[in-house]
1. Specify the residue that is modelled with the highest pLDDT; the eligible residues are those in the range 50-95 that are of a type in the set (S, T, N, Q) and part of a loop (DSSP other than H, G, I, E, B).
2. Which of (1) open to solvent by less than 30 Å² (accessible area, probe 1.4 Å); (2) within 15 Å of the chain's Cα centre (by Cα); (3) at pLDDT 95 or above does ILE192 not meet, given it meets every other one?
3. Do the conditions hold for THR113, that is, is it among the hydroxyl-bearing types (Ser, Thr, Tyr), open to solvent by 30 Å² or more (accessible area, probe 1.4 Å) and under 30 Å from ALA203 (Cβ atoms)?
4. With respect to LEU32, determine if the residue is within 17 Å of the chain's Cα centre (by Cα) and modelled with pLDDT of 95 or more.
5. If the Cβ limit is 7 Å and pairs must be 6+ apart or interchain, which residue in the range 64-85 that is more than 19 Å from ALA25 (Cα to Cα) pairs with which residue that is part of a loop (DSSP other than H, G, I, E, B)?
6. Look through the range 126-183, keep the residues that are within 21 Å of GLU90 (Cα to Cα) and in contact with a Phe, Trp or Tyr (Cβ under 7 Å, 6 or more places away or on another chain), and return whichever of them is surrounded by the fewest Cβ atoms within 10 Å (Cβ to Cβ).
7. Just wondering, is there one or more residues in the range 11-27 that are more than 17 Å from ARG170 (Cβ to Cβ), under 17 Å from the mean Cα position of the chain (by Cα) and either open to solvent by 40 Å² or more (accessible area, probe 1.4 Å) or not small (Gly, Ala, Ser) (or both)?
Amino acid sequence: MTYFSTASNARHAAKPAKSAAAFNALKRDIMLGILPSGTALTELELAAHFSCSQGTVREALLQLQEEGLVRRQGHRGTQVSECTEAEAVEMFRVRQQIECNGIVRALQAPSRTLVVDLKALFAAMIDAGKTGDELELASFDRDFHRRIFQDAQLPALDPILHRCLVHNHRFKISRSTTPRDLVATAQRHGAIVEAIESGNVAAASAALSHHIATIVDFGPDVFADATQ
């Protein structure tokens, strides 16, 4: 499949490095399903498209591999990875364990900027929802969850959490058959902010657990105590 993209990353006002531009454009098209699972990504073709070297493209593809969005298989080349329900279920389970344990640790000694940072990200999500930018909303969403986990002081687990978040968002977007209320999606994070601001560890953990378990329709089947 020949790759043509007109996507740009609106979050970066300054022109990014060519590898970052290629990474951002490819990631956006994979997340939106414009580049479906199994699509071959050829370094030579991408280098021509982005007017850069194959080394620059290779750097972008390695970043995408780290996020689980492509598979690099030696002589078989690079392909857009699958996005299956089976993997989504397991990543939701991993994510819930990491985040819910993390929020307990985070609230034992939260940083002074935690609530301020979360409120700013929450506002950014609301704004993205109002403009209808689902990719922008998902990006701020990941920043929100990783900001909470940052205070857990478990940095080695952050890349695992990030990969789960990326896959969860890709899965949710790919399975959306009708337009979603993006403002309502953003507002779901409000209960987490309120619980954290109150300092109630049990309430914050419960709010986060419920949030994760009800992201997708099969959540209540995976997490027995979840209700929509």
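1. From the range 50-95, those of a type in the set (S, T, N, Q) are 51, 53-54, 56, 63, 65, 73, 78-79, 81, 84; that's our starting set.
Add one more test, that the residue is part of a loop (DSSP other than H, G, I, E, B), and what stays is 51, 53, 73, 81, 84.
On the way: SER51: 90, SER53: 91, GLN73: 83, SER81: 95, THR84: 91.
Here the answer is SER81.
2. Failed condition: (2).
3. Spelling it out, THR113 is indeed among the hydroxyl-bearing types (Ser, Thr, Tyr), open to solvent by 30 Å² or more (accessible area, probe 1.4 Å) and under 30 Å from ALA203 (Cβ atoms).
4. no
5. GLY77/THR42
6. Ranking the candidates gives ASP158 first.
7. yes
The values are calculated or read from the model by the stated rules, or taken from the named source; none is laboratory data. Owing to the predicted nature of the structure, the values given are computational and were not obtained by experimental measurement. With ideal geometry, Cβ positions are generated from the backbone for all residues, glycine too; neighbour counts draw on all protein chains shown. The accessibility values were calculated without ligands, DNA or RNA, using every heavy atom of the protein model including side chains. Shrake-Rupley method; radii C 1.70, N 1.55, O 1.52, S 1.80 Å.
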